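J.: My questions will all concern the structure given below.
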Amino acid sequence: MPEDLRKEKGDKSAVSKEILENYELQKQRYLQAGYKETQETISIKQANVMAFVTAGPFVLVELIVWIKLGNIFSADFSMWDITCYVVLFMLCIFIHELLHGIGWMVWGKQGFKSIHLGIMQEYMNPYCHCKEPLKPVHYLIGCAAPFLVLGIGFFIAAIISGSPMLLVLSVSNVSSAGGDTMIMNMLAKYLGRKDCYILDHPEKCGFVAFLK
């Protein structure tokens, strides 16, 4: 979920304009239907700081569990371990966004058509945007998917195999999901609200909540 969509010499690209137009259209529909809009967004810089606050405890728990189970953390990685880590982590960067899309498209009425995958040229980072309003719990599932699959998934694999490399990969993915855990924290107060819809913000880190 990017702060700024791709720009070409200061002008928004055709894709960015389409996403923004869809966002405004969806927004107006809910406002006209009597819903109240609440912005739940922060800047990328704020997200980077808060990521340590929200993801840090999970990293700490992983390390404690790893040590409690009698595993030893060794920084003496072989070249093979380092190569595997680099390759897997690079793949995880793209899989992370794909998992967001899969988690959201399952609940969207238009399926994969509701999902836009792209790359922020300013930061050279891939991103995923959901163009369709979702129920809070469904939006939560899409947000949590990378954290659960890549973060917790690799941690379970590390415990089973006793591989420090997989532990580091898990910690890296949990840290990378710091922005997502922050958004999940912002989303918590809307869970259980039947009269609430969540719309992914097209330009900032976060979402817009529509409440009756």
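The values are calculated or read from the model by the stated rules, or taken from the named source; none is laboratory data. Predicted model, so just to flag it, every value in this text is computed and none were measured. Please note: Cβ atoms are built from the backbone with ideal geometry, for glycine as well, and neighbour counts cover all protein chains shown.
J.: For the stretch 194-209, name all the residues that are modelled with pLDDT of 90 or more and farther than 12 Å from Tyr139 by Cβ.
T.: Asp195
J.: Ok, one more. Here's a check for you: in the stretch 117-164, which residue that is assigned to a helix (DSSP H, G or I) and touching a Gly at 6+ places or on another chain (Cβ under 7 Å) is nearest to Ser16 (Cα to Cα)?
T.: Checked the stretch 117-164; the qualifying residue nearest to Ser16 (Cα to Cα) is Gly142.
J.: Here's another thing I want to ask about it. Could you tell me whether the stretch 166-178 includes any residue that is in contact with a strand residue (DSSP E or B) (Cβ under 9 Å, 6 or more places away or on another chain) and among the hydrophobic types (A, V, I, L, M, F, W, C)?
T.: no
J.: Say we look at the stretch 83-135 and pick out the residues that are acidic (Asp, Glu) and touching an Asp or Glu at 6+ places or on another chain (Cβ under 9 Å); which of these is farthest from Lys194 (Cα to Cα)?
T.: Filtering first and then ranking leaves Glu122.
J.: Additional query: Could you tell me whether Ser13 is hydroxyl-bearing (Ser, Thr, Tyr), at negative phi, modelled with pLDDT under 85 and out of contact with any strand residue (DSSP E or B) (no Cβ under 9 Å at 6 or more places or on another chain)?
T.: Against the criterion (hydroxyl-bearing (Ser, Thr, Tyr), at negative phi, modelled with pLDDT under 85 and out of contact with any strand residue (DSSP E or B) (no Cβ under 9 Å at 6 or more places or on another chain)), Ser13 does not qualify.
J.: What residue, of Phe112, Phe89, is loosely packed, with under 14 Cβ neighbours inside 10 Å, among the aromatic types (Phe, Trp, Tyr) and in a helix (DSSP H, G or I)?
T.: Phe112
J.: Output the number of residues of the stretch 160-212 satisfying the condition of being in contact with a Lys or Arg (Cβ under 6 Å, 6 or more places away or on another chain) and either within 30 Å of Leu60 (Cα to Cα) or of a type in the set (A, V, I, L, M, F, W, C) (or both).
T.: Summing the residues that are in contact with a Lys or Arg (Cβ under 6 Å, 6 or more places away or on another chain) and either within 30 Å of Leu60 (Cα to Cα) or of a type in the set (A, V, I, L, M, F, W, C) (or both) in the stretch 160-212 gives 1.
J.: Farther than 30 Å from Leu69 by Cβ, under 15 Å from the mean Cα position of the chain (by Cα) and touching a residue at least 12 places away in the same chain (Cβ under 8 Å), is that true of Pro146?
T.: no
J.: A further question on this structure: From the residues in the stretch 16-69 that are polar (S, T, N, Q) and within 20 Å of Ser175 (Cα to Cα), which one is surrounded by the fewest Cβ atoms within 10 Å (Cβ to Cβ)?
T.: Ser43
J.: Check the stretch 38-49 and report whether any residue there is among the acidic types (Asp, Glu) and either without any contact (Cβ under 8 Å) to a residue 12 or more places away in the chain or part of a helix (DSSP H, G or I) (or both).
T.: Scanning the stretch 38-49, I find no residue that is among the acidic types (Asp, Glu) and either without any contact (Cβ under 8 Å) to a residue 12 or more places away in the chain or part of a helix (DSSP H, G or I) (or both), so the answer is no.
J.: Filter the stretch 44-54 down to residues that are over 21 Å from Tyr190 (Cβ atoms) and under 15 Å from the mean Cα position of the chain (by Cα) and give me whichever is modelled with the highest pLDDT.
T.: That would be Phe52.
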